[in-house]
Amino acid sequence: MVTTRPRVVLLPGTLGSVLIDTSLTAEQAKKLCRRHLGSREWAFRAAGVNPCDQRPEALWGTVGMVHWLYAADDWQRRITSGNGRDVPGAVRVDGLLDIDVRIGRKRVEVRPYAALLSALRLAGADVLVVPYDWRLSNRQSAHRLQRMILDKWFGGRYVAPGSTVPEAQRITFIGHSMGGLVARFFLESAHLGRAVARQLITIGTPHLGAPEAYLHLIGRTLPFPENPFYREVSEAQAQFLPAKTQTAVLRFMSSAFELLPVYDFVTARGAKEPFAQTYQGQVHAPTNRTAMQVIGELRQGLTEERRLDEWLRKYGIDYHLVAGTGFPTVLGYDRITDKIITGYAGDGTVPLTSAHPPGGTDRLHVHTLKPGGLGHQRLCQRADVVAYCLKQLPGGRPVRVAAAPPASTDELVAVSRQIMRSMAAHRGVVLSVTKLASRDGKPLIDTTTEPSPGTPRRRLKNPPKHLSSPEIHEVTGPGGRIFRYVWMLSNERAAFPVGGMLFVPDPASRELDLVTFNVGQLETNNRARCGNAHHAETQAERWVREQPLPWRIRLDCVHIANRSRRTTLKGYSPCNPCCVDLAGLLTDLRREQGGRRLDARISWCTPYQGNRICGHPTDAVNVRRLEAAGWTLSSTCTTAVPSAQRTPVLAGKP
């Protein structure tokens, strides 16, 4: 069996990586968050999200960083830890920028690389994602890239100069924006880069710099994007951070100086000013290096553009320079009139002439995207960009990879916690992990996919019933395993639109995994209004019932394991009404299958007493009801299954 898959490295652009403050413990960060937000925390809670529960130690790249908007000086002090060149201080990289949260009825999604990553993995690529500390020099980030490549594909061992790498193991590098410069420095200055590279695809990379970077450094324009949450909480917070804070942080970053144009772009009294003269007086204060020194250190490791094609021919490497156009882009600056010169020959940040300098040969390929669409920050979400990258992957015979073993309950719980990290804290107090299997050994769903119109994602071509959407999402679980999932409909869509995740199985698998969660909270004030439609178990029960009769007749196994999104809880037993519903489900399935007995099991860790007003405990009568219907009951923790001789005494399930 062929196990070699095309190797791909993906590098995000500036601001595309999560940065966290390692000097704060989780508890310290939460207290700090609450102090910063003050009474605003309740506004966020009312909108359905609380930053203080979403990794508030993050300085950039997650919902948890929102509290720093209200403490800009403290944020500036922390994010300028280190020297901004090659010493990170207390700041650590912690994954890709990936925000997907619902605030009220609105979804805020900032996931610039999710679609491209998903497409690459669906195409069979072995992808290494290399987030990096975008404050530091690109030279330092290239060293990190080298370490990660050695660890992933070469067992951490040093590769000696002159070594050759088999063709099948050569790597496709994809760099967005500044990530393309990081990749170029690694390929063009390190012997390992030249040895392992097959090709480099740069997407909106400022190979010659970007005039906008200069305007940011002098405080004429602001680098950080608009606060994506302000419309839901406070119109006054449209500005992400104070202007002086933004400029100060940018001037701390060596990488910002390395993005300065290496061509003349400033006009003074009708004449172009030499760029070296433009940068006089610009100094990277933490290291006392002038702008030209910082630029020179990076450029020494890059091949001059006029010699690039010759270099590519020498080492047998291809470069693909992808550029966007049709967006208002800063092209220059008139110093005397303080006028910013703009044009449409660019992607909104990087001018076309910088994203692909003049040239183009059999090794240096330039590709200009159709005008319009998505601009610089979202280039990797464009369907045409994704298609171009996939087209460049090595061809040949289809790659067959051994099927992954079934995911364990613990793995599914860990992945679900990650998926739900931006949801309100009360959702997922109970997670029901449901494992289904067919009697005939055939798949329970059709995993065939097709393009999703209007997005670069894929979707199920023939989806099962009762889904919120057939569009496929992707998440990296423990150990780097990739999980694909679609959202299931909620039983109480007015309260919350989705009720769980259906994990897309391997095409030939007879098993299917669902993870459902409680979508609402416990009704503590009025017993008459308290129902179980929002409970985790009923989300799964409803989904099975919604499938057509021929599908239900094929079911052989139904295993439900109740766990919790909260690490402090283990997982409650089904409440009385859920016991009634689950007993009814199994009774109906057995009747539909002509009395055939199914392998049906329910497990939990803690018997549930229920709120006194709600009146939803798990009592002995309903435990016997489950057993009589054919369910096998077990406890996976230390607490025994409730019995007729001992009625459980607990509390707390929503």
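The values are calculated or read from the model by the stated rules, or taken from the named source; none is laboratory data. Note that the structure is a prediction, hence the values are computed from the model and not measured. Cβ coordinates were reconstructed from backbone atoms using ideal geometry, including for glycine residues, and neighbour counts include every protein chain displayed. Quick note on the areas: whole protein, heavy atoms, side chains included, nothing else; ligands and nucleic acids left out. Shrake-Rupley method; radii C 1.70, N 1.55, O 1.52, S 1.80 Å.
Couple of notes before you dig in:
- Estimated dipole of the chain in Debye, rounded to 20 [Cβ of Lys and Arg +1, of Asp and Glu -1, Cα centre]: 1040 debye
- Förster-model FRET efficiency, 41 Å R0, ARG596 and ALA533, C-beta, rounded to 0.05: 0.90
- Accessible-area order (highest first, 1.4 angstrom probe) of the listed residues MET501, MET148: MET148, MET501
- Against the compact-protein benchmark of 2.2 N^0.38 Å, the Cα-based radius of gyration of the range 59-186 scales to 1.27.
- Heavy-atom SASA rank of ASP338, ASP21 (probe 1.4 Å, accessible area, largest first): ASP338, ASP21
- A crude spin-label estimate for the pair ALA276 and ASP100, with each label 7 Å from Cα along the Cβ direction, gives 5.0 nm.
- Comparing GLY48, PRO88, VAL129 along the charge dipole axis of the range 35-131, the residue lying farthest to the positive side is GLY48, per the Cβ-charge model.
- Of TYR70, TYR214, TYR315, the residue with the largest accessible area leads and the full order is TYR315, TYR70, TYR214 (1.4 Å probe).
- Look at the dipole of the chain built from charges on Cβ: of VAL66, VAL283, LEU598, the Cα furthest out on the positive end belongs to LEU598.
- Cα-based reach from LYS442 at 13 Å (exclusive), listing aspartates and glutamates while leaving out same-chain residues under 8 positions away: ASP506, GLU511, ASP556
- Of the peptides 444-453, 483-492, 382-391, the ranking by mean beta-carbon count within 10 Å, highest at the top, reads 483-492, 382-391, 444-453.
- Protection-proxy order for peptides 255-266, 189-200, 618-629, each taking the mean of Cβ atoms within 10 Å per residue, highest first: 255-266, 189-200, 618-629
- Size of charge dipole - the range 160-226 - debye, nearest 20, with Cβ of Lys, Arg +1 and Asp, Glu -1, no other charges: 180 debye
- The structure shown yields Rg/Rh (Cα atoms, Kirkwood Rh), and of the options (1) 1.02; (2) 1.10; (3) 0.98 that calculated value carries the label (1).
- R0 of 22 Å, Cβ-Cβ distance GLN300-ASP86: FRET efficiency to nearest 0.05: 0.90
- Per residue, the chain exposes 41 Å² of accessible surface when a 1.4 Å probe is rolled over the protein heavy atoms with every protein chain present.
- Positive-end residue of SER469, LEU302, ALA355, charge dipole of the chain with Cβ unit charges: SER469
- Between the helical axis of 383-392 and the longest alpha-carbon principal axis of the chain there is an angle of about 80 degrees.
- A Förster radius of 35 Å combined with the Cβ-Cβ distance from LEU215 to GLN28 puts the calculated FRET efficiency at roughly 0.40.
- Degrees between helix 138-153 axis and first principal axis of the chain (Cα, 0 to 90, nearest 10): 50 degrees
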